[in-house]
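Please read the structure below before turning to the comments.
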């Protein structure tokens, strides 16, 4: 591949578009991590084989794509240009898919079925889950082969870079500032302001600043960044290039979790393709601008998502945060000004330059024309997971309500259960109850309600979720992940955990709630980094909104949701038909009974492993 | 030791990449042997104490050998809400080991992992390189039996 100049981008695009147009249709097989685990690579190979055997490989092309965001229904296949959406595709469906494709018809059984009407919906755009979304960061998901740079260029990749190369540095920064974009990693700091600080500091000190992409997506229940990198790695590279040009950096780093092997692989392929084309390296697109990107694998430490800890880890040290200020934009990697932005933030940058700051600022909530702090512009990607009908990735304009996301896009709560809470903001966020469903989803409203935007995990919980257990879960997570450097975070989390553990075991005491509140306050005031400062949020928000549930545990020694093992028991009700499956599956032989007679669980033997509940087809197992 | 040196050279003996070196060492030996640490110190001039700090700080590393099949039970939030603690209990019961331990035959080791980023498939586990979604407590004995028989496709 030859190194290209700015003008060549257009030629590559036209050539690739022309190539694609020669095919009657493209079968886009989702090859994100979720669909891969459901067998999508095998599906892709079999499709190619079948098309070849039938001499159709010149008419139809098979394209492996990144994550479509509808992972629970995988493997997913979308037939373009019509956007026909197939879910749960199996190898044996392939001949029929091709037959129907030739006839211009659909395979009904593979189509999405609307949960309200029960009608089959052939086209992706008409499925509510996709219809309400507005794609900026995820604009290329499922449309391109992420391992083919020409596919990305055909969709406009690197055009904004070419534009940035013509602009002066301050103008790029001003454009990003005027867009109002705030950091998508959780903090919500205005991106343009951060860039300006780094730019000015490096000019004053006459040093070369650095660029870092934070792909250490550690929040449990969040996979936006993984999906962006898997689906469209070039947008991240392009965003970083634009940032580098803006502040005058020549070296950049992507810090990515080792738990995301596919994302890392795709990113490295994308980097080497960009290098070959002269989109990275020396004299990019024939200009005098040089920039290189290196990748660093995380080694399994949540705190490394914190920017000062991340910098420490990139330098080959343990990922322990340090006191701020100075912020990394003033003194970061190797003591030089460093911008750290999250994957999703970088993915937005090329679009801001392409469509203009005004276009971006008009999307979302609030008026950011005076200051980015006055609102939340643009879109946000959320991973909508937990007890919800349509789990997956959604990109929505800021400012729509939780209700719209959970019910209109997510399809509500499955299995006839009731909504109980939604957790946003990762372990440092909070749980919001049903009374807050009309809350606008933007940086400031969520923080005001006692949660936070965070990186975009949105975990929906039904009435079988115990909120005390959830608080204990997060505190246990943070207790393990606290680096231990500062005392309030290290000791405060252990103290909170011990109290919560007691409460969930039925050993709670009067005054426990107040004691936890006091510890939480100390932690938020005295901890060194954001991990400790916000660590008590899950406790405080659950106490605030679900105090009665704490009291039920402490005073009545009951777990109303039927989760806390020490407070529940399993029994068999009259629905039992005596099918014997539970007694066969019970690992400790705690269930006895004759065929066709009601069974009995021996509470002395029962280890509450839940197998009987899982295998019973007659709703005969009660958990109380 | 030749392997260790190859790994060190792969990363250009650059002290900034000692974490990457040790990840490769971990993959190669299923643990970080003391001799390997000493070799990294010798070549990169990074003090042994700092390497030890790194090895004990990050979850990826283990000073004792891990099993042939590493079982990771995702205990991210979505998986937690969908019953991951019960799945984890089931593995500890079936394998008779706790988190962080390896079975005496060296076949399995068990880890709880903080979110594999496949939350739509919750609860999720990985065994070796294979990922399984929507796992039920009742599936655990069957899954383990498959690997014990060496039939892990």
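The values are calculated or read from the model by the stated rules, or taken from the named source; none is laboratory data. In this text, all values refer to a predicted model and were calculated from it rather than measured experimentally. All Cβ positions, even for glycine, are placed from backbone atoms using ideal geometry, and neighbour counts span all protein chains on display.
Answer with yes or no whether residue A:461 is touching a helix residue (DSSP H, G or I) at 6+ places or on another chain (Cβ under 7 Å) and at pLDDT 95 or above. Yes; evaluated as a whole, the condition is true for this residue. Within the range B:9-26, the residues that satisfy the criterion of being in a helix (DSSP H, G or I) and within 10 Å of chain A (Cβ to nearest Cβ) are B:15, B:16, B:17, B:18, B:19, B:20, B:21, B:22, B:23, B:24, B:26. Filtering the range A:321-334 to residues that are out of contact with any helix residue (DSSP H, G or I) (no Cβ under 6 Å at 6 or more places or on another chain) and within 14 Å of another protein chain (Cβ to nearest Cβ) leaves only A:334. Of all the listed residues (A:197, A:173), the sole one being in a helix (DSSP H, G or I) and out of contact with any helix residue (DSSP H, G or I) (no Cβ under 9 Å at 6 or more places or on another chain) is A:197. Residues that are under 15 Å from the mean Cα position of the chain (by Cα) and touching a residue at least 40 places away in the same chain (Cβ under 8 Å) were ranked within the range B:94-109; the one that is nearest to residue A:382 (Cα to Cα) is B:109.
Considering only residues that are over 24 Å from residue A:422 (Cβ atoms) and assigned to a helix (DSSP H, G or I), look in the range A:524-559 and name the one that is nearest to the chain's Cα centre (by Cα). Looking at residues that are over 24 Å from residue A:422 (Cβ atoms) and assigned to a helix (DSSP H, G or I), I get A:532. Looking only at residues in the range A:423-440 that are at pLDDT below 95 and in a loop (DSSP other than H, G, I, E, B), the one that is farthest from residue A:458 (Cα to Cα) is A:429. Scoring residue B:90 on the criteria (1) surrounded by fewer than 20 Cβ atoms within 10 Å (Cβ to Cβ); (2) at pLDDT 95 or above; (3) within 12 Å of another protein chain (Cβ to nearest Cβ) leaves a single failure, condition (1). Evaluation of residue B:78 against the conditions (1) within 8 Å of chain A (Cβ to nearest Cβ); (2) assigned to a loop (DSSP other than H, G, I, E, B); (3) touching a strand residue (DSSP E or B) at 6+ places or on another chain (Cβ under 7 Å) shows that the sole unmet condition is (2). In this structure, does residue A:316 turn out to be facing chain B (nearest Cβ under 9 Å), surrounded by fewer than 23 Cβ atoms within 10 Å (Cβ to Cβ) and free of Cβ contacts under 8 Å to residues at least 24 places away in the same chain? Yes, satisfied. Looking for something within 14 Å of chain B (Cβ to nearest Cβ) and in contact (Cβ under 8 Å) with a residue 12 or more places away in the chain - is there at least one such residue anywhere in the range A:231-247? Yes, there is a match, as at least one residue in the range A:231-247 is within 14 Å of chain B (Cβ to nearest Cβ) and in contact (Cβ under 8 Å) with a residue 12 or more places away in the chain.
Here residue A:69 passes the criteria (1) at negative phi; (2) within 14 Å of chain B (Cβ to nearest Cβ) except the one numbered (1). Hey, does the range A:208-228 have a residue that's surrounded by fewer than 20 Cβ atoms within 10 Å (Cβ to Cβ) and farther than 18 Å from residue A:384 by Cα? Yes, because at least one residue in the range A:208-228 is surrounded by fewer than 20 Cβ atoms within 10 Å (Cβ to Cβ) and farther than 18 Å from residue A:384 by Cα. The set of residues in the range B:124-148 that are facing chain A (nearest Cβ under 9 Å) and either in a loop (DSSP other than H, G, I, E, B) or touching a residue at least 60 places away in the same chain (Cβ under 8 Å) (or both) comprises B:124, B:129, B:133, B:134, B:136, B:137, B:138.
Annotation for the range A:588-601: no member residue is assigned to a loop (DSSP other than H, G, I, E, B) and under 20 Å from residue A:501 (Cβ atoms). Does the range B:31-45 contain at least one residue that is more than 13 Å from chain A (Cβ to nearest Cβ), within 20 Å of the chain's Cα centre (by Cα) and not in a helix (DSSP H, G or I)? Within the range B:31-45, one or more residues are more than 13 Å from chain A (Cβ to nearest Cβ), within 20 Å of the chain's Cα centre (by Cα) and not in a helix (DSSP H, G or I).
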